[in-house]
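> Below: one structure in structure tokens.
What follows is calculated from the coordinates using simple rules that are stated; it is not laboratory data. Predicted model only: the values in this text are computed from it and were never measured. With ideal geometry, Cβ positions are generated from the backbone for all residues, glycine too; neighbour counts draw on all protein chains shown.
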Amino acid sequence: MNKKRIEIILLFGVLLFGFLSFQFYGMSKKIITKKEIVYQENGSVNYKVYLSDKKYYNKEYLDEGMQYISGIIDYVDLNYRYKINFDKKDEYNVSTKVVADVKIVDSDNNDKIIFEKKETLKDTTTKVSDININDEIKLDYKKYNALTNEFKTNYGISANCKLYLDYIISYDGVQNKLGKAPITIKVMIPLSEQMVNITKDPSINNNSSIIIESSGNVIMFVLALAFVLLTVVTLAAFFVTLKNRIDSESKYERFVKKILRDNDSYITIAKEYNVDKTKNIIKIDSFKELMDVRNNIEKPIVYTELDKDNGVFSIMDNEIYEYRVSRGEMDK
């Protein structure tokens with residue numbers, strides 16, 4: 001098969017395979033796949049109320065579920081536990097944030113906020129392979145109680161005062177973006193009251209699943225990669241074929257082709273070299289000099305391939321001007 005035809009076929013293959021690789025890659029991104037991840041989670045908060053005056057209780061702290069005298073509360077020790085197991089293993093970026101929110105509201109309408117102050121007690125992010133939180137927060141009850149007592153005394157108001165403590169857990173998988181809403185474990189502690197009844201969220205015990213949607217289709221992506229590989233291979237074959245064709249042409253052939261291409265309007269190609277042997281033949285040393293002759297006498301240049309190794313450029317006039325080229329002379 002003609003080498004130029006092979007080059008055209010290979011170039012067409014490069015364009016076709018390149019087009020198909022882009023098409024399959026685009027299709028792979030458009031296809032949405034769904035995956036179910038099953039999980040089991042458990043969470044809770046427990047607390048102990050530590051006392052500043054132990055005279056009547058004869059112990060350091062009181063267990064949860066009691067009524068507490070606010071005047072002898074030193075601090076509240078809260079223990080948060082949270083664990084979740086997924087059926088598919090991954091690493092997780094886990095963030096824990098603890099926010100204390102003091103609210104003073106109208107005693108007749110709890111929706112009417114008189115004063116509010118939020119404080120972040122903790123804000124951390126870690127990467128773990130297993131989400132198993134066991135965290136302790138020591139809440140300075142006396143500080144918040146003193147704040148609300150001072151506020152009510154200074155302004156002489158009657159109001160309800162409460163401390164809302166939110167323990168917020170948010171996480172996502174490194175490989176699988178879970179899209180699961182953050183978990184918030186809430187505790188509420190009354191302030192500026194003689195007797196305190198602490199309330200907390202019930203324990204979390206949940207078995208459920210998450211549906212993850214992701215774009216991408218493995219088969220289409222593999223086909224796209226296969227056509228990329230074919231594109232590269234075909235492109236390499238094209239350049240190899242082109243290089244071989246160029247290398248196979250001798251200096252002689254390239255020289256003749258360049259002259260014919262660059263001077264197409266001045267040169268006529270003849271099949272046979274017929275000259276009037278009665279005329280004088282003038283040998284010209286270069287094609288440039290032959291072009292000077294053509295420009296002076298305004299006669300066409302005739303090129304004749306004598307055989308595969310020799311050719312002649314000539315101008316026929318009262319005399320014959322010849323410039324001969326030879327493979328043997330040029331390629332040696």
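> Note the full-extension length gain between D87 and I114 as 0.36 nm times their separation in residues minus their Cα-Cα distance, in nm to one decimal. Don't jump to the answer; show the numbers that get you there.
Details: separation 27, 0.36 × 27 = 9.72 nm, distance 4.76 nm.
The D87-I114 span can extend by a further 5.0 nm.
> Moving on. Using the structure shown, select from K29/K97; K48/K88; K35/K138; K258/K299 the pairs with a Cα to Cα distance greater than 30 angstrom.
Table pairs above 30 Å Cα-Cα are K29/K97; K48/K88; K35/K138.
> Could you tell me the calculated FRET efficiency between N134 and S208, based on Cβ-Cβ distance and R0 = 30 angstrom, to the nearest 0.05?
Numbers: r = 23 Å, r/R0 = 0.75.
The formula returns an efficiency of 0.85 here.
> Taking the alpha-carbon distance from K251 and a cut-off under 25 Å, which lysines remain once sequence neighbours fewer than 8 residues away in the same chain are dropped?
Filter leaves K3, K4, K243, K271, K283, K288, K308, K332.
> Computed FRET efficiency, Cβ-Cβ of Q67 and S95, R0 56 Å: what is it to the nearest 0.05?
Working: r = 35 Å, r/R0 = 0.63.
Computed FRET efficiency for Q67 and S95 comes out at 0.95.
> For segment 251-330, what mean projected area does the convex hull of the alpha carbons give, in nm²? Before the final figure, lay out each step's value.
On the way: hull surface 20.2 nm².
One quarter of the hull surface, i.e. the mean projection, equals 5.1 nm².
> Which order do the peptides 265-272, 63-70, 165-172 take when ranked by the mean count of other beta-carbon atoms within 10 Å per residue, highest first?
Details: 265-272: 10.5, 63-70: 13.6, 165-172: 18.6.
Most protected by this proxy first, the peptides run 165-172, 63-70, 265-272.
> In deg cm²/dmol and to the nearest 500, what is the mean residue ellipticity at 222 nm of the chain if only DSSP H runs of at least 4 residues count, each as -39500 (n - 2.57), divided by the residue total?
Details: 6 runs with 101 residues, N = 332.
Value at 222 nm, helices only: -10000 deg cm²/dmol.
> To check my understanding: the extent here is largest minus smallest coordinate of the Cα atoms along each principal axis. What are those three numbers for the chain, in Å, largest first?
Largest to smallest, the principal-axis extents are 145, 46, 37 Å.
> May I ask which of K54/K117; K112/K200; K54/K122; K152/K186; K89/K127; K54/K162 have a Cα-Cα span longer than 19 Å here? Numbers along the way, then the final one.
Working: K54/K117 31 Å; K112/K200 23 Å; K54/K122 30 Å; K152/K186 25 Å; K89/K127 14 Å; K54/K162 25 Å.
Those over the limit are K54/K117; K112/K200; K54/K122; K152/K186; K54/K162.
> Between V233 and K251, what is the label-to-label distance in nm when each label sits 7 Å out along the Cα-to-Cβ direction?
Result for the modelled spin labels: 3.9 nm.
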